[in-house]
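Below: one structure, written as C-alpha cells.
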C-alpha cells in the first residue's frame, strides 16, 4: 500500500467543492476520531468517519466517494454534535452523497421502485421520504 | 387559548394515534390546536449541503402559512420540528436564502391568491416553532398540567427516548442539553411516573435507514431497547413516529435475532399524558402497537 | 532652541524592512521639520545599533530621539537607557511602533505600509518636539511583599523573597497551605511521593521568621501602586482562636457533623470542625459554619466547645480585616479542574465510577481515603480494567477550552503506571490524541509505561461513557487501526482540563491585572517577561498564569521572587513622571479635577484657591485633564498640544 | 477607491496591547488608521476628536478597556459618556455620528481589533469622504496649524482658541 501524494491533488477543485457544499473546513479536523467513536452505525462502514475526512485531507476524493460509509450514515448528527473542532461530518457525508447522486456516479442506495413496496406496508411516510431524499437524491 | 398546529404527513396517516391523543390532551389542558388550513410535507429531512435553497422551500412555505395564523406553530413529530426549526433559522440568519425562498413563495402565493385570497406577505422568520413538549412546559406550564391530571402514573417505570432530531444540532435546535436533557424527564415526573435513566436515550434508532437497510436500523433500535430494558423500564415513550416504528415494530426482528428477548411497549408521550388526564379510550388508541402496552398499564391499574 | 530630533528606522531583519521601504522612510523623515538626522539600520536594538544612536546624538547634537521599531512595550526602556548614556533625557526618547502596528499587519500592501510608517513616525516626531526633560519621581517604598495563594508556587515565592531578606505575607484562602500539590500521590517522572517533598516546604515557610502566614484569609482590597500598596486582608472567622488552639484534634474527633471532604475530592467525609488533612499547616482546625450543627440547629450541639481542653472555641467570632502595607504582590492563585458537569457525554458526574484525575490522586495516596488502594467508589471493588482519558475539556474550542492543559498526558501516564503497580493483573488503557511529553525525562517515562507496564495507548478521543450493569462502558476509537473501540471497564478516570481557580478572576479584577480570555493571568511579555504582570508591582507564579507542572511552577515562583528582590534592592521606587500638573495661572478652582480623580491625587488648595496634584500619588490616567474646562490640567509629555499635533501629523499628506 | 483617513485613540493597557497582539499574531487589517497612544481612553478630550475631524479625518476610532477592566478604575466609563455626547455634537455639526466609534478591546483580543478595524474602515468608506464647509482643509496641519494660537504656556500649551471656542459646548453634558 503506497500512496504518492501530489500537491495539486491536495487542492483539487472537487475537494474544495466538498468544503463548499458541506460548509466544513476539512483541515480543521485534527483526527481525534471522536466522530467515529460515537457513530451508531460505524459497524457497517468500510471506512470510519474520521478516516473519510483524512482521505479528503490527503487528496483522495475518489476513495471517499466510493466508500460504503456515506450510504450507511443515518444523519443522526451525533458526530457533529460532539466534534471538539466543530467539524460536522454529517454535512461532509451529505455533500459526498450529493456529489455522487447529482452526477449519477453510482447506483443510488435506495431504489424508488423497491420503496413503493415498503410504502404499502407500514413504514411511516417520513422515513420513506427521508430515505429517498438522502439516499436517492 | 388557540395555537396553530402543524401535524405533518405521518401524523395524518400512519400516526393518527399520536395526532388524536395530542389534540385531546391539548383540549384537556386548555389549548385548542388549530390545524393550519393548508400545509404540505416539510420534506422530512433537513438538507446539510450549502446550495440547497429548493430543499428548504417546503418548510419555509409551511412556516409562511403558519405566519398567517399566528406568531407560533406547534408540532409533534421530531422530524417536522427539526426541519421547520432549522429552516426558520436559515430564513432568520441568511438574508440571501430568505430572499430566494420568498421569490418562490411569491410566485406560489400569486397562484393561490385568486382562489384563497391570501395576502402577499414575505416570510422573514416571524413564527416561533414550538414542540408540543415546549408548549406544555413554557406556554401551559407543567404545574398547570399537573392540576388537570385525573390520576398519576405512580410506579410506572418509563424510559424517555429523545432520539436525535429534537436535540441536535444544539446551536440550532436550542431544545435542551443534547447530552443530559431534562424536558422529557420533567414531563414524566409531572405525570408521576418513575423515570428511568438509560444510556441510549439520545442515541439513534436507525432513522430512515430502516427503509434502505433494515438490519442496520434494527441494530440501532435494538441497542436503544436493550438499554431501556437493562434499566428495568416497563415502557418506552417517544415523540417521533419513526422512532416509534423502529423501536416498537422492529422488536419483531429483535425477537428473531436475540435469544430470550424481552419485549417492551413503546408509546407516544401524549398517550401517557392522555391516560393521566383521564381521556377516553377511543382517543388513546394502541391498536397499531406491535408490543401491546395494555397489559403493563392494566397491571398498574391505569386503564 | 530649535528642536534637533534624530530618527532611527530599524529594519528588524526583514520583519520591518520586508514590508516597509525603510530607506524611503528614513529619507522622508530627514526632510521633516525639526528632524536633524535620519537613518536606518538592520537591528537598532543590537549593540552596534545602540552605539549608532549614541554616536549620532553626540555628533548631531540631538535634543530628542525617535526609534522607529517594535512596540514600545519591548524596547522603550532599552533606547531610553541608550539616550541617557549619550546625554539625551530618557523622556525625550520615543518609540514609533512600525512593526506590531504596521509591517506585521499590512504585509500585502508594501506601499501603504510604507506611507503609514512615515505617518506613525511623524506623529512621534511631533510629540518629541514638545517633550520635556523629566526625571523619574522618587517615592518611598515598603520593602515587604504579599504572596497570594499557598500552593507550591506561593510557598516557593514566599520562601525565596523571605530568604532574600524581605518580610513576606503569605495569604491562603483555605485552612491549610499546600494547594493541589498536597493532594497528589506521587509525582512524574520520578514517582517521588508528593507529600514527602511538599511537607518540609510547608513547615519551612510556616516557621520562617520573615514570613507571616495567614491561612483561611482572603484579599479584601488592594489600593495604591508599586512600592506602596495598601492591602486589606479578610481573616475569616474560624470560630476558634487558632493562636490558643494546641491542635490536639479532640474537637474533630467528637464533632458529629459530616460533609464531603474537599481535600479528598468528595471520596471521603470530613467533620464540620476540621483540618483538611493530617499534615495540614497550620495543624489547627477551622469550623465550617455551613455544616456545623451548632449554627444550623439553633445552638443545640456545642460539643467542640465543651470538649476543648484550652477553651479556644468561640461561636461569636467574626471575620477580621487586617490592614497592611506592601511594596510588591505575587499572585499565585493556582488552578481548578474543569467541571465534570460540563462533560455530559461522559455522564456529567452522574456515574459513580467515572472519576476525576484529582479523585484518582486521592485514591492513590497512601494517606488518602482508601489508604492507597485502588477501589472504585460504587462498590469498593478493585477495578480490573481502568480507562484513562486525556483532553477532557482541553483542545476543544467548540464546546470547552481550546488550549492544551499540558500536564494531563503526563499525569494520566503516571496514573496508569501506578494503577499497574498496585493491581498487577489489571489492564490500563489510555485514550489520547497526541501524547505530549516535552520535559526532562518525560518521554522516557511514557515509554516505560507503554513498554514495561503494558499500558495500552489508544489513539482516539472517547465519544461516550455510560455505566450499565456495573460496567463502565467506553466508546472510543483507535484511529491508527481505523476502528471504533468499545471497552467494558470497571472505572474511568477523566483528565479534566486545567482552568484558572474560580476565585482568581475576581481577584485579578480587583487587582486590575490582566487575564487572558480564559482567566489565566497575562504576563507582561510572552517570552521576555513571563513572571511579571503588565501592571507594575504585580508578579505571577504557577498555574494561575497557565497550565504547568510542579517544576515549572516552582521555577516561575523563584523567577517572580527574584523580580521582587530586584525591585526591593532600591531604597526608593522611581515612578514614571508622566503625570498631571496644573497651571496655577489659569486654574479657576472649579474642582472638577478633584471630583474625577480616582486616586484623590487632585486636591483643592484652600490657601491658593486652586487645585494641585500630589505627585507621589498621581497615576497619570489623565481623567482630570480631559475634564478640566480651562485646559489648566495637563499631562507631562502628553499635553493637549502634543495630542493635537500628533493628530495633525497622522492626517497629513 | 476612496481610502478613508482614520485616527485611532487607543488606551495603552488594553487596546494598544491588543493591537500589538494582532501584530504578533500576524493578523492583517487595512492600513487606514494611525494610532495615538493614550494612557487611558479617559484621557481623551472630546476636543481631540473634533480636532481630528477638522484636520481631515474621515473617521475616529476610540479603543479602551472593557467595563470593569480599566487600569485606572473607571476612565472608560467617562469615555463612554463622552463618546455618546460627542455623537450628538457631531450630528449637530452635520457630521455622521457613525464616523466616531468606541469599542472595548482587551489586550487579549487581537482578533477583535482586526475585525473592528476592518468593519470600521468599510463603514467609513461607505460614508464617503467627510466634507466640512468650514474646515481648515487638509495639509495645513502638522507643525503649526494656521488658526491655532502659538503656545502661551511655560512648556506646552493647549490651543486656547480651539478650547475656548468649543469647550463650552462640550460642557452641556
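A short reminder: the numbers here are calculations on the coordinates, not readings from a lab. Model, not experiment: these values are computed from the prediction. Every residue, glycine among them, receives a Cβ derived from its backbone with ideal geometry; neighbour counts consider all protein chains shown.
Out of all Cα-Cα pairs in segment B:2-130, roughly what percent, to the nearest whole number, are more than 16 Å apart? Provide the component values of the computation, followed by the final result.
On the way: 5026 of 8256 pairs.
Of all Cα-Cα pairs in segment B:2-130, 61 percent lie more than 16 Å apart.
Give the angle, between 0 and 90 degrees and rounded to the nearest 10, that separates the Cα long axis of helix C:502-511 from the longest principal axis of the Cα atoms of chain C.
The angle comes out at about 20 degrees.
Starting from the Cα coordinates of chain B, work out the convex hull volume and express it per residue in Å³.
126 Å³
What Kirkwood hydrodynamic radius, in Å, does segment B:147-303 give when the mean of 1/r is taken over all pairs of distinct Cα atoms and then inverted?
Details: mean 1/r = 0.0631 Å⁻¹.
The answer is 15.9 Å.
Segment C:77-108 to segment A:4-61: how many Å between their Cα centroids?
48 Å
Can you tell me the Rg and Dmax of segment C:81-153, counting just the alpha carbons, in angstroms?
Rg and Dmax of segment C:81-153, Cα atoms, are 19.9, 55 Å.
Would you mind checking the radius of gyration and Dmax of chain A based on alpha-carbon positions, in Å?
Looking at chain A, its Cα Rg and Dmax stand at 15.6, 52 Å.
Based on the inverse mean of 1/r over its pairs of different Cα atoms, what is the Kirkwood hydrodynamic radius of segment C:217-265, in Å?
14.5 Å
Starting from 0 in steps of 5 Å, tell me what percent of the Cα-Cα pairs of segment C:465-583 lands in each bin.
Result returned by the calculation: 2, 9, 13, 14, 12, 8, 9, 9, 8, 6, 3, 2, 3, 1, 1, 0, 0.
In which sequence would C:410, B:165 go, from the one with the fewest C-beta neighbours within 10 Å to the one with the most?
Numbers: C:410 24, B:165 28.
With the sparsest Cβ surroundings first, the list reads C:410, B:165.
Can you tell me the alpha carbon radius of gyration of segment C:531-596 divided by the globular rule-of-thumb value 2.2 N^0.38 Å?
With N residues counted in segment C:531-596, Rg over 2.2 N^0.38 Å equals 1.84.
Using 5 Å bins from zero, what percent of all Cα-Cα pairs in segment D:6-127 falls into each bin?
For segment D:6-127, the pair-distance distribution reads 2, 12, 24, 25, 20, 12, 4, 1, 0.
Given 10 Å bins starting at zero, what is the percent of C-alpha pairs of segment C:382-444 in each, up to the one with the largest pair distance?
For segment C:382-444, the pair-distance distribution reads 21, 45, 28, 6.
Can you give me the Rg/Rh ratio for chain C, using Cα atoms for both radii and the Kirkwood formula for Rh?
Computed over Cα atoms, the ratio is 1.06.
For peptide C:336-349, how many partner chain Cβ atoms fall within 10 Å of a residue's Cβ, on average? Walk me through the intermediate numbers first.
On the way: counts 0, 0, 0, 0, 0, 1, 1, 2, 7, 10, 1, 3, 3, 1.
Partner-chain Cβ atoms within 10 Å, mean over residues of C:336-349: 2.
Work out the mean other chain Cβ neighbour count within 10 Å for the residues of B:199-205 and drop it here as an integer.
Per-residue shielding by partner chains comes out at 5.
Under 19 Å from a point placed 7 Å out from the Cα of residue B:93 along the Cα-to-Cβ direction: which residues of segment B:158-195 have their backbone N that close?
B:165-179
Convex hull over the Cα atoms of segment A:14-87, averaged projected area in nm²?
About 4.4 nm², averaged over all directions.
Would you work out the Kirkwood radius for segment D:67-126? I mean one over the mean of 1/r across all pairs of different Cα atoms, in Å.
Over segment D:67-126, the inverse of the mean reciprocal pair distance is 13.0 Å.
In degrees from 0 to 90, rounded to the nearest 10, what is the angle of the helix C:640-651 Cα long axis to the longest principal axis of chain C?
Taking the Cα atoms of chain C, the angle to C:640-651 is about 90 degrees.
Rounded to whole Å and sorted largest first, list the principal axis extents of the Cα atoms in segment C:189-303.
Per principal axis, max minus min of the Cα coordinates gives 50, 42, 27 Å.
Can you show me the helix-derived [θ] at 222 nm for chain A, built from DSSP H runs with n ≥ 4 at -39,500 (n - 2.57) apiece and divided by the number of residues, rounded to the nearest 500.
-15000 deg cm²/dmol
Could you let me know the centre-to-centre spacing of segment D:6-55 and segment B:260-303, using Cα atoms, in angstrom?
69 Å
Send over the per residue convex hull volume for segment A:55-107, Cα only, as a whole number of Å³.
Value for segment A:55-107: 76 Å³ per residue.
Per q in 0.12, 0.17, 0.18, 0.20 1/Å, what log10 I(q)/I(0) does a Debye calculation on the alpha-carbon atoms of segment C:1-157 return?
-0.53, -0.87, -0.95, -1.14
Report, to two decimal places, the Cα Rg of segment C:576-636 normalised by 2.2 N^0.38 Å (N = number of residues).
0.95
Regarding segment C:253-332, what are the three Cα extents along the principal axes, ordered largest first, in Å?
47, 32, 24
Express the C-alpha Rg of the protein assembly as shown as a ratio against the empirical globular expectation 2.2 N^0.38 Å, rounded to two decimals.
Computed over Cα atoms of the protein assembly as shown, the ratio equals 1.08.
How tilted is helix C:110-129 with respect to the longest principal axis of chain C? Cα atoms for both, answer in degrees (0 to 90, nearest 10).
The angle comes out at about 70 degrees.
With 18 Å as the cut-off, how large is the P(r) tail for segment B:254-302, expressed as percent of Cα-Cα pairs?
Tail of the P(r) past 18 Å holds 35 percent of the pairs.
Compute the separation of the alpha-carbon centres of segment B:193-224 and segment C:458-509 and state it in Å as a whole number.
24 Å
Over the alpha-carbon set of segment C:338-497, work out the extent along each principal axis and list the three values in angstrom, largest first.
Projected onto the principal axes, the Cα atoms of segment C:338-497 cover 36, 35, 30 Å.
For chain C, what is the calculated [θ] at 222 nm in deg cm²/dmol (nearest 500), taking -39500 (n - 2.57) for each run of four or more DSSP H residues and dividing by its residue count?
Calculated from helices alone, the mean residue ellipticity at 222 nm is -8000 deg cm²/dmol.
Students often check this: by mean Cβ neighbours within 10 Å, which of B:287-294, D:102-109, B:273-280 ranks highest, and how do the rest follow?
Taking the mean over residues of other Cβ atoms within 10 Å, the ranking is D:102-109, B:273-280, B:287-294.
Over all residues in C:108-118, what is the mean tally of Cβ atoms on other chains that come within 10 Å of each residue's Cβ?
Neighbouring Cβ atoms belonging to other protein chains average 2 per residue here.
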